[in-house]
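Visitor: Handing you a structure now.
Each reported figure results from applying straightforward, stated rules to the coordinates on display, with no laboratory input. This is a predicted model, so every value here is computed, not measured. Cβ atoms come from the backbone with ideal geometry, glycine included; neighbour counts cover every protein chain shown.
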Amino acid sequence: MEPLTISTPEAEGISSQAILDFVDAVESRIDALHSMMLLRHGKVIAQGWWYPYRADHRHRLFSLSKSFTSTAIGFAVTEGHLSIDDRVVDFFPEDLPPKVSDHLARMQIRHLLTMTTGHEEDSLPAMGQDPEGHWVKAFLRQPVPRQPGTHFLYDTGATYMLSAIIQKIMGIPLLAYLRPRLLDPLGIEDATWETCPRGINTGGYGLSVRTEAIARFGQFYLQGGEWAGEQLLPASWIREATARQVSNAPYESPDWEQGYGYQFWRCRHNAYRGDGAFGQFCLVMPDQDAVLAITAGTGDMQGVLDLVWDHLLPAMAPHSLPQNPEGASRLAARLANLQLTPVAGAASTSVAQRILGGRYRMQPAVPPSQSEEPGSPVPAQSVHAVSLERQGNAFVLTVEDEWGPQQVVCGYGEWREGEMRMGGAQPSPMAASGAWTAGDTFTARLCFVETPFCPTITCRFAGDLLHYQMRMNVGFGPLELPPLTGKREAE
């Protein structure tokens, strides 16, 4: 992979102090950014990862995946495999319901791209609940009450259908189709994409890439589909995909009512973006010749954009600024030492001395309601037993669940890297920190570093009882899981 060119903020017309102010603002107002990468005039002028998140980690993009799916459609149109005026039903004659409504018959690829399918609710939940795991059939049997093209409704199932169409006509999954056309030329490595039960990439979510890949993708769009001197995708398609194709107002947040393109959102200030749940952003600012890539785990996505408009946008001058070695050095040091705050508290308490090493058998809890979006790591809370021990400058929290005993090493005043199963059979990379936050309470925070999810586990000890609580930082459903109670076993 050819490295991106590095420059100083001042050389590209923005002060180092403005970027520092942005970092200060997001740390005080947003919980929490995981990474940022700012490019101007095609050069990297600021990049940083909040440890335990790192540059070599992939990060789950959620709906930012949609913009990559849209790009695949652009390639297929350019190569003559399809037209956005093609009818959806014509690709899947064997999967149609017994009666095809007039509205379903009129649904075109352009309606999938612009989220104007005619549905009045997202089709994805019904698709995910299909007993046969046949998401295409489930989509096609959903009611289409409105005429396609007349009503905007954010519909993740529509993006899945774009992926299904690519696989149907090309004979390979969406990710495989994009590799030689987009990912390899841009130097995007190690991308993964979730699939439906029938092996079709989920399209509307499920892509995981590194932060730099998001930045490269945004720069590719900013350059009108050109990369390294080669026109990979026509500039006309880039303009069309990122233009306001349909109205999506009214919306509570101002940057979500500026119009919608082909799986891209229009923003204020003539910018556009792909974005995903909990703060995954590929923000392109054509007037400033800038790209900002962000990964995060926040419930305040509008707040992130507000800080960009408040601090970064007005600081971008049309010309270079006088060099500021001291300011650039201060910024570089700050970005190199970003970190999510470890759990603050005591290393030990009187209660700790009594309970360490004991095993607490937990009573079963009612499972929480599951998310409507597949892939959401809502834990089943099937915790059978819990124990806590001290190990040097760390704590070992052992959680016995359906996967067996899982040891979480929690650094004291620091993060310790490891792995744990969370809502799935495969272990996920994570890092943990822990401390006694009250005389009777031990708190651990876990960061699953390829996702936005950083749950907090609270263990409160009362006599021979343990009150165990897990709370998610962000999620599609309830953030607080049902509490569990356990009793210490006799030694």
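Visitor: Y412: net charge of surrounding residues, Cβ under 15 Å, Lys/Arg +1, Asp/Glu -1, itself excluded?
Guide: 0
Visitor: Follow-up question, since we're still on this one. Please list, or write none, the lysines whose alpha carbon is within less than 26 Å of the alpha carbon of K43, excluding same-chain residues fewer than 8 places away.
Guide: K66
Visitor: Between the helical axis of 211-222 and the dominant principal axis of the chain, each derived from Cα atoms, what acute angle in degrees is found, rounded to the nearest 10?
Guide: Result, in degrees: 20.
Visitor: With 10 angstrom as the radius, rank T192, T441 by how many other C-beta atoms surround their C-beta, starting from the fewest.
Guide: Details: T192 13, T441 18.
Going from sparsest to densest Cβ surroundings: T192, T441.
Visitor: Moving on. Between 0 and 90 degrees, rounded to the nearest ten: what's the tilt of helix 156-170 against the longest Cα principal axis of the chain?
Guide: 60
Visitor: While we're looking at this one, here's another question. Is there a pair in K99/K137; K137/K168; K99/K168 whose C-alpha atoms are over 20 Å apart, and which pairs would that be?
Guide: Values: K99/K137 13 Å; K137/K168 14 Å; K99/K168 22 Å.
Flagged as over cut-off: K99/K168.
Visitor: Could you work out how much longer the chain between H384 and R244 gets when fully extended? Use 0.36 nm per residue separation minus the Cα distance between them, nm to one decimal.
Guide: In short, 45.2 nm is gained.
Visitor: Just how far, in whole angstrom, is segment 250-268 from segment 35-104 if you go by their alpha carbon centroids?
Guide: One Cα centre to the other: 17 Å.
Visitor: What is the distance in Å between the Cα centroid of segment 173-236 and that of segment 288-302?
Guide: When both Cα centres are located, 18 Å separates them.
Visitor: Let me ask something additional. I want to check the label-to-label distance for D86 and E417. Put each point 7 Å from Cα in the C-beta direction and report it in nm to one decimal.
Guide: About 4.3 nm separates the two model spin labels.
Visitor: Compute the acute angle (0 to 90°) between the alpha-carbon long axis of helix 325-336 and the principal axis of greatest extent of the alpha-carbon atoms of the chain; round to the nearest 10°.
Guide: 70
Visitor: Still on this structure, please answer the following. How high is the FRET efficiency from D130 to R330, r the C-beta distance, R0 41 Å, rounded to 0.05? Numbers along the way, then the final one.
Guide: Details: r = 55 Å, r/R0 = 1.34.
For D130 and R330, the calculated efficiency is 0.15.
Visitor: Between H467 and S236, how high is the FRET efficiency from 1/(1 + (r/R0)^6) when r is the Cβ-Cβ distance and R₀ = 60 Å? Nearest 0.05. It would help to have the intermediate numbers written out before the result.
Guide: Details: r = 61 Å, r/R0 = 1.02.
Using R0 = 60 Å, I get an efficiency of 0.45.
Visitor: May I pose another question? Please report the net charge: other residues with Cβ closer than 13 Å to the Cβ of G224, K and R +1, D and E -1.
Guide: -3
Visitor: On to the next question. Take the Cα gyration tensor of segment 350-488, multiply each eigenvalue by 5, square-root it, and list the three semi-axes largest first, rounded to whole angstrom.
Guide: 23, 18, 13
Visitor: Rounded to the nearest 0.05, what FRET efficiency do D102 and A55 have when you use their Cβ-Cβ distance and R0 = 56 Å?
Guide: E between D102 and A55, to the nearest 0.05, is 0.60.
Visitor: From the backbone phi of segment 382-389, what are the Karplus-calculated ³J(HN,Hα) couplings (6.51 cos²θ - 1.76 cosθ + 1.60, θ = phi - 60°) in whole Hz, Gly and Pro given as x?
Guide: Values, residue by residue: 8, 8, 9, 7, 9, 9, 9, 9 Hz.
Visitor: Could you tally the net charge around M301, taking each other residue with its Cβ under 9 Å from the Cβ of M301, Lys/Arg +1 and Asp/Glu -1?
Guide: On the way: positive: none; negative: D255, D275, D300.
Result for the neighbourhood of M301: -3.
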